[in-house]
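Here is the structure we will look at.
Any read-out appearing in this document is the output of simple, stated calculations on the displayed coordinates, not a laboratory observation. Computed from a predicted structure; not experimentally measured. In this analysis, Cβ positions are derived from the backbone assuming ideal geometry, glycine residues included, and neighbour counts consider all displayed protein chains.
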Amino acid sequence: MTIETWVRDHLGLDRATSAELRYERMVWQAAEALPWVHRPADPAQPFDWVEEARVGAFLAGLGRAQRVLDIGTGDGWPALSLARHVQEVVAVDPSPRRADLARDNTRRLGLRNVEVVCAPAEELPFSDGAFDGVVSACAIEQSTDPDKVLREAFRVLRPGGRFAATFEDLTAELRGPVEETAELYIEEETAVYRLVHRSLAPLREAEYELRFRADEVLRQAAGLIGPVPTFQSTGDEPGLRLVSPDDRVLGIPLLESARGALLSARFFELRHRSPQETTAFVGEAGFRGVKAFGNITWLARDFFSPAHLEDLLLKLSPYMDAITRAFGRLYGAVPVGKTSVFFVVAGKP
Ligand SMILES: C[S@@+](CC[C@H](N)C(=O)[O-])C[C@H]1O[C@@H](n2cnc3c(N)ncnc32)[C@H](O)[C@@H]1O
């Protein structure tokens, strides 16, 4: 039995959204400070060339678009990076915390052509044909109703407009048919248990947030794994670990013994799609010429990262924008399946 099955069978759950349960509580969304989102680019860093190549791929996918909408911008990616290259960017995100951070980043970078709107993309507060480009980075599949989001993206694009979006490829990411990750931490008088369940068939992800009165059993268990202050922790950090259903610290026996102390139980559920399914589903929204590729980082990392290139990159720093923009046009050379993210481009007829 998976931990998810136990939770579903034994607890009364309230439905929430990923924005409420996951993105609203993150301090920062990205694992590292991103160039032209959290700080200016640094040409001495190969990482920044790779990141800028990703922006180049979005620009190539957008063609000549100048008024661009970014769906699910998070801290402002790719909206703020694109703003240096197009006339105007509007970024939406339903999480107030993310929208505030994107606004802070916009101000800090001195960008005057970015507007951040706090709204779910299922109901975009824009008129038909308001944009000539729509982008999104790993956000459409995080929404409650991705079909509706795509129909909205199509509606707000003018005829001839371009769509360019990345999607998380769970089929490439998961190492087994089912993966469960749990964490437990104490917040004053409350013990918070989080479970992320991801599976290949069906291709889905669900996250559960269980809040308990922090009794001795839970405090002891949390003490064994250490505190997890934010969601930015990685699998290598203490407190966030892979668990199997028979895990003695975070598994079903702990939940069974803590059940009487339950205060609330909320969850959200996401349906993921393979690259092939996504291509079909983007087409169903009305888009034409829909194509999926791997992430440009697969090429860009090898190209910009070798240590012996660092001096050369510094010499080339005045041309960083031009070079990474040209590099981005190679997005079509990366096959799907090479990376845990895929890139979809399409147009509105
Ligand atoms: C994985 S993050 C990606 C953020 C950013 N684009 C990036 O790549 O760093 C997913 C984002 O989608 C947002 N999101 C969730 N539900 C959404 C919805 N219904 N409409 C628009 N954005 C949504 C989340 O709040 C979150 O900021």
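Brief remarks on what is shown
- Picking from residues in the stretch 124-136 that are farther than 28 Å from residue 206 by Cα and touching a helix residue (DSSP H, G or I) at 6+ places or on another chain (Cβ under 6 Å), the one that is farthest from the ligand (Cβ to nearest atom) is 128.
- Applying the condition of being among the acidic types (Asp, Glu) and surrounded by fewer than 24 Cβ atoms within 10 Å (Cβ to Cβ) to the stretch 159-177 and asking which residue is nearest to residue 273 (Cα to Cα) yields 168.
- Scanning the stretch 137-158 for residues that are within 14 Å of the ligand (Cβ to nearest atom), polar (S, T, N, Q) and not in a helix (DSSP H, G or I) turns up at least one hit.
- In summary, helices (runs of 4 or more DSSP H) completely within the stretch 1-74 and bearing 1 or more residues that are within 16 Å of the ligand (Cβ to nearest atom) and touching a residue at least 12 places away in the same chain (Cβ under 8 Å) occur at 18-21, 46-62.
- Within the stretch 159-173, the residues that satisfy the criterion of being outside any strand (DSSP E or B) and either in contact with a helix residue (DSSP H, G or I) (Cβ under 8 Å, 6 or more places away or on another chain) or away from the ligand (no atom under 14 Å from the Cβ) (or both) are 169, 171, 172.
- Selection of the stretch 279-302 for residues being of a type in the set (Val, Ile, Thr) and under 16 Å from the mean Cα position of the chain (by Cα) yields only 297.
- Only listed residue being buried (at least 17 other Cβ atoms within 10 Å of the Cβ), touching a helix residue (DSSP H, G or I) at 6+ places or on another chain (Cβ under 6 Å) and not in a strand (DSSP E or B), chosen from 218, 195: 218
- Out of 135, 55, sole residue that is crowded, with 24+ Cβ neighbours inside 10 Å and in contact with an Asp or Glu (Cβ under 6 Å, 6 or more places away or on another chain): 135
- Count of residues meeting criterion [near the ligand (Cβ under 9 Å from one of its atoms) and part of a loop (DSSP other than H, G, I, E, B)] in the stretch 99-123: 2
- Matching helices (runs of 4 or more DSSP H) fully within the stretch 295-349 where at least 1 residues are within 26 Å of residue 154 (Cα to Cα): 320-328
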